[in-house]
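Working notes, beginning with the structure itself.
No value in this document is a laboratory result; all are computed from the given coordinates. What you see is a predicted model, and the numbers here were worked out from it, not measured in a lab. Don't worry about glycine lacking a Cβ; one is built from the backbone with ideal geometry, like all the others, and counts go over all protein chains shown.
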Amino acid sequence: MTKKASPVTVHITALEMTAPPRAHMPSPANLHIALMRVPEIPLPYYRFLYRQVGSRWQWVDRMRLSDEKLSETIHNDMTTVTVLYIEGAPAGFYEYQRRSDGVTELVHFGLFERALGLGVGKWFLLQGLYAIWGDKPEKVVTTTNNLDHPRALQLYQRFGFSPVSTYEGEIEPLTDKELLAIARGL
């Protein structure tokens, strides 16, 4: 029998921004960078991106969704997934969802381990925010927590997000059985 990991308590900060970012920055020099929106992203590729970015930050929710539920969540007109490529290989992604109330949520944003320290994080987040604000939402929301990159909150605030609330939550780490299923591609 697989032992279940103990839930991890996290401190979550909810953020919002009500105007597009004012920051401008050139793309990082000396790197071949491409951003590609992927409207019908294959589910195994999405899960690969999600694990590559999120495993060190304890992202688990999307790994537990069935193919049907994940497809329903990401393959619709309200959701946008964009992949960052550096030197021809995937290096991160962002995902946002538009809501009918005029709010857009930056659901996921992050880089692969290999892309950290290359000077692309700020630029990549800014590109995501430009894309979101191109749809003219009334406001943009996101959350971060104490398991995210230590400078995540600071970076969001730098580009115009303001904290609106904080609360405690729990994350149930993936079990050994779940990790084995992921490794097997099941």
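Taking the charge dipole of region 47-186 about its Cα centre, with +1 at Lys and Arg Cβ atoms and -1 at Asp and Glu Cβ atoms, the residue from Asn76, Leu65, Leu147 reaching farthest to the positive side is Leu147.
For the chain, take the convex hull of the Cα atoms, compute a quarter of its surface area, and give me that in nm², please. List each step's numbers first, then the result.
Values: hull surface 44.8 nm².
For the Cα atoms of the chain, the hull's average projected area reads 11.2 nm².
The C-alpha atoms of the chain define a longest principal axis, and helix 121-134 lies at about 70 degrees to it.
Summing Lys, Arg as +1 and Asp, Glu as -1, what charge do residues with Cβ under 13 Å from the Cβ of Leu111 carry, Leu111 excluded? Intermediate values should be presented prior to the final figure.
Numbers: positive: Arg56, Arg114, Lys122, Arg151; negative: Glu113, Asp148.
Summing Lys/Arg as +1 and Asp/Glu as -1 gives +2.
Other residues with beta-carbon under 14 Å from the beta-carbon of Glu138 carry, at +1 per Lys or Arg and -1 per Asp or Glu, a net charge of 0.
Once the piece of chain linking His149 and Glu72 is laid out straight, how much longer is it, given 0.36 nm per residue of separation minus the C-alpha distance between them? Show your work: numbers first, answer last.
Numbers: separation 77, 0.36 × 77 = 27.72 nm, distance 2.86 nm.
Net length gain for the segment: 24.9 nm.
Peptides 102-111, 7-16 ranked from most to least packed give 102-111, 7-16, packing being the mean of other C-beta atoms within 10 angstrom over each peptide's residues.
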